[in-house]
Every structure is written in C-alpha cells, then in structure tokens.
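Below is one structure, written out as structure tokens; comments come after it.
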Amino acid sequence: MIEPWRQIIDERERLLLEEELRREIGDRHPLAGLEVKVDARRDDRDDVLVSLDDGRVAEVHLTWSGKKEAHPSWPTTIILESLEHWRTKAASDLA
C-alpha cells in the first residue's frame, strides 16, 4: 500500500466503513447497487479504497454524514479500471 494509505485488516473497521459508505450512497450515485468491499483507507483524509466485483476499484471520500447524500456525486468517487491504475494515480497525487 502507498503511504498514507493503509490496508484494512480489522474486520470491524471494514464493516464500519462499508456501513457508512452504504448509508451515504444515493440512488443515482455511481456505486449505487454495486457490491463494494473496503480494502484500504487514508488516515489523513476520509478516503477509502473500494474493490468492485468486476475488478475495478473506487477511491471514495466519505462525508461521515451518516445518511444518504442528496447530491448524486457525493460521496465523491473516482472509479478506476484496476488496482494498478489506482496505484499509478495515487503515486502521482502524492508526488
């Protein structure tokens, strides 16, 4: 994992993050209706890395509102083709 990202090892933490993500996603959000698994988080921001069933990954900025967001693009989400594409993006973001 690329610092300041860290892999989620604790299942309770993973479930907490996944529950919050599901609460925030509105019906028109890009992740609506998709199976998601939180794999990593960035502790200096409210960002999580989510794997999707089809091999894509999504970097999501949680709002921690605890409720469905009214704006369809919240929580802010960037979907990438693969973990490799995400690593390239993350490395360039930190450069």
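Coordinate-derived values only; no laboratory data. The structure displayed is predicted, hence computed values, not measured ones. Cβ coordinates were reconstructed from backbone atoms using ideal geometry, including for glycine residues, and neighbour counts include every protein chain displayed.
Cα centroids of region 40-95 and region 7-38: how far apart, whole angstrom?
10
Which label belongs to the value computed from this structure, given these candidates for Kirkwood radius over Cα pairs in Å: (i) 17.4; (ii) 13.4; (iii) 20.1?
Checking each listed value against the structure points to (ii).
In terms of Cα to Cα distance under 23 Å, which lysines are near enough to residue 89, apart from those fewer than 8 places away along the same chain?
37
Among 19-27, 84-92, how do they line up by average Cβ neighbours within 10 Å per residue, starting with the highest?
With the highest mean Cβ count within 10 Å placed first, the list reads 19-27, 84-92.
Once phi is turned into θ = phi - 60°, what whole-Hz ³J(HN,Hα) does the Karplus curve with 6.51, -1.76 and 1.60 give for every residue of region 24-37, x standing for Gly and Pro?
Residue by residue, region 24-37 yields 7, 6, x, 4, 9, 5, x, 9, 4, x, 9, 6, 10, 9 Hz.
Return the single residue from 29, 61, 71 with maximal mean-square fluctuation; model: Gaussian network over the chain, springs between Cα atoms under 10 Å.
Answer for the Gaussian network model of the chain: 71.
In whole Hz, with x marking every Gly and Pro, tabulate ³J(HN,Hα) for region 58-75 from phi via Karplus 6.51 cos²θ - 1.76 cosθ + 1.60, θ = phi - 60°.
In residue order, the calculated couplings are 9, 9, 10, 9, 5, 8, 6, 7, x, 8, 4, 7, 6, 7, x, 9, 9, x Hz.
Around residue 76, which amide H atoms from residues at least 5 apart in sequence, or from another chain, sit under 5 Å from its own amide H, with H modelled in the peptide plane?
So residue 76 has HN proximity to 61.
Using θ = phi - 60° and the Karplus form 6.51 cos²θ - 1.76 cosθ + 1.60, what ³J(HN,Hα) does each residue of region 49-56 get, whole Hz, x for Gly and Pro?
Once rounded to whole Hz, the list reads 10, 10, 9, 10, 4, 8, x, 6.
When a footprinting reagent is the concern and you count Cβ atoms within 10 Å, what order do 64, 5 take, fewest first?
Sorted ascending by nearby Cβ count, the order is 64, 5.
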